[in-house]
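All remarks here apply to the structure that follows.
The values are calculated or read from the model by the stated rules, or taken from the named source; none is laboratory data. Just so it is clear, the structure is predicted and the values come from calculations on it, not from any experiment. FYI the Cβ positions are ideal-geometry reconstructions off the backbone, even for glycines, and counts take in every protein chain you see.
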Amino acid sequence: MCKWLAKTSLVVLALVCGCANAFAQSALQQEINEYVDIFSGNNFAAQRSAIEPLGWSGISSPELYDVIAAKLEALKDADSKIDKERASWFAKALALSGNNKYQPVLQDIADNASAKKLRKHAKTALERLPRYARWNPIIAAGLKNSQGNLAEQRIRNMLADNDAELFRLGAKRVYHAHASNKELVALVKSRLVADYASVNDSDHVDAMAWAIKVLAQSGDSDHKPLLAEIAQSASNKKIRKYAKKYTDYL
């Protein structure tokens, strides 16, 4: 009887774990499917609104970006101003894939498109493509097996990485959408404490500035002594200025 119960418990546990993983995977796939639906349609306002969040999604799926590439290809030689504008946005979106599969498409447009603005955006997309090739795997780490909030997991991934630009992106997401999340704010604070005295370039300085803004946005007065200390002791003038300004917010 005991052996039967033990075996039954193991089976139930395996089923529960399997369902949890399937749920997490389906949550991510559902998100991809929603993007595919948006870009497969003709609502450009919705498509334009969807492009920005793709930049912090970590999604590189050809299932999605093939649809965007097809939209771009269809509009690359368009005559109307509206279609040229849409093509420029689709070129921006392709950069977010981080997938070299789309490099030839963008290169062709950068070299040959008749519209100057579209050529410019294609060239910018080519410059950004390698950045997202680095970033997307970092942002997406653990998402397939995550049983928590996908947006929060992405931010945790960004905040944990040493890339100052990626940390800045994560801090901006906390500032704009998760200022009341104490765990994420604590991660930002930890990085600020570790880095503010040793910033080494403009991206690093800007990342620390956003970290300071996150602490102020949280409204937690416990952060005030740290900001006051940074305002006095940081070697970088801009960081001191930000800390002094935002200390008064708490």
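When residues in segment 220-242 are screened for being free of Cβ contacts under 8 Å to residues at least 40 places away in the same chain, part of a helix (DSSP H, G or I) and either within 26 Å of the chain's Cα centre (by Cα) or buried (at least 16 other Cβ atoms within 10 Å of the Cβ) (or both), 9 of them pass. Just checking, does segment 55-63 include any residue being crowded, with 21+ Cβ neighbours inside 10 Å, in a helix (DSSP H, G or I) and in contact with a helix residue (DSSP H, G or I) (Cβ under 9 Å, 6 or more places away or on another chain)? Among the residues of segment 55-63, not one is crowded, with 21+ Cβ neighbours inside 10 Å, in a helix (DSSP H, G or I) and in contact with a helix residue (DSSP H, G or I) (Cβ under 9 Å, 6 or more places away or on another chain), which makes the answer no. The residues listed here are Ala78, Ala70; of these, the one that is assigned to a helix (DSSP H, G or I) and either in contact with a Leu (Cβ under 7 Å, 6 or more places away or on another chain) or of a type outside the set (S, T, N, Q) (or both) is Ala70.
Would you call Ala171 more than 18 Å from Ile51 (Cα to Cα) and in contact with a Phe, Trp or Tyr (Cβ under 6 Å, 6 or more places away or on another chain)?
Values: more than 18 Å from Ile51 (Cα to Cα): yes; in contact with a Phe, Trp or Tyr (Cβ under 6 Å, 6 or more places away or on another chain): yes.
So Ala171 passes the test.
Taking the numbered list (1) farther than 30 Å from Gly98 by Cα; (2) surrounded by fewer than 20 Cβ atoms within 10 Å (Cβ to Cβ); (3) of a type in the set (Val, Ile, Thr) in turn, Ile138 passes all entries but (1).
Taking the numbered list (1) modelled with pLDDT under 95; (2) assigned by TED's automatic domain parsing to the domain that holds Ala45 in turn, Asn162 passes all entries but (2). The one condition from (1) assigned by TED's automatic domain parsing to the domain that holds Glu63; (2) among the aliphatic types (A, V, I, L, M); (3) out of contact with any Phe, Trp or Tyr (no Cβ under 6 Å at 6 or more places or on another chain) that Leu96 does not meet is (3). For His121, the conditions (1) crowded, with 17+ Cβ neighbours inside 10 Å; (2) out of contact with any Leu (no Cβ under 6 Å at 6 or more places or on another chain); (3) not in a helix (DSSP H, G or I) all hold with the exception of (3).
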